[in-house]
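Some notes on the structure that comes next.
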Amino acid sequence: MSSESFPSIIVFDVNETLLDINTLTPFFTRVFGKQTVLREWFAQLVLYSQTMTLSDLYTPFGEIGVGALQMIANIGQVTLTAYDISEFKE
């Protein structure tokens, strides 16, 4: 038996349980011309939020969301306006 001690931790995955991303479908359809980009954005959001957490570099979830949105727009060669970002944050 090992003498190592481990912290007692409970981890809950609340993504898409407490956060209904489907409310963003009209936004993604309007900005990108297709709603499938929503899932691509969300995958990047989860990836980068986990990366920042594991790197011990706290960044508010909303900031990561906007950053992922801007990244997806750049990749898709879509120009986001200040209005787009404001609407997205709302």
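This table checks each residue for (1) assigned to a helix (DSSP H, G or I); (2) modelled with pLDDT of 90 or more; (3) aliphatic (A, V, I, L, M).
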{"residue": "4", "(1), (2), (3)": "no, no, no"}
{"residue": "8", "(1), (2), (3)": "no, no, no"}
{"residue": "24", "(1), (2), (3)": "yes, yes, yes"}
{"residue": "31", "(1), (2), (3)": "yes, yes, yes"}
{"residue": "42", "(1), (2), (3)": "yes, yes, no"}
{"residue": "45", "(1), (2), (3)": "yes, yes, yes"}
{"residue": "53", "(1), (2), (3)": "yes, no, no"}
{"residue": "56", "(1), (2), (3)": "no, yes, no"}
{"residue": "63", "(1), (2), (3)": "yes, yes, no"}
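Considering region 7-32, the residues that are open to solvent by less than 60 Å² (accessible area, probe 1.4 Å) and of a type in the set (A, V, I, L, M) include one that is farthest from residue 77 (Cα to Cα), namely 21. If you filter region 67-90 down to residues that are in contact (Cβ under 8 Å) with a residue 24 or more places away in the chain and open to solvent by 40 Å² or more (accessible area, probe 1.4 Å), you find that the one that is nearest to residue 51 (Cα to Cα) is 71.
The values are calculated or read from the model by the stated rules, or taken from the named source; none is laboratory data. As the structure is a computational prediction, the values presented were derived from the model and not from experiment. Cβ coordinates were reconstructed from backbone atoms using ideal geometry, including for glycine residues, and neighbour counts include every protein chain displayed. Calculation scope for accessible area: heavy atoms of the full protein, side chains included, ligands and nucleic acids excluded. Shrake-Rupley method; radii C 1.70, N 1.55, O 1.52, S 1.80 Å.
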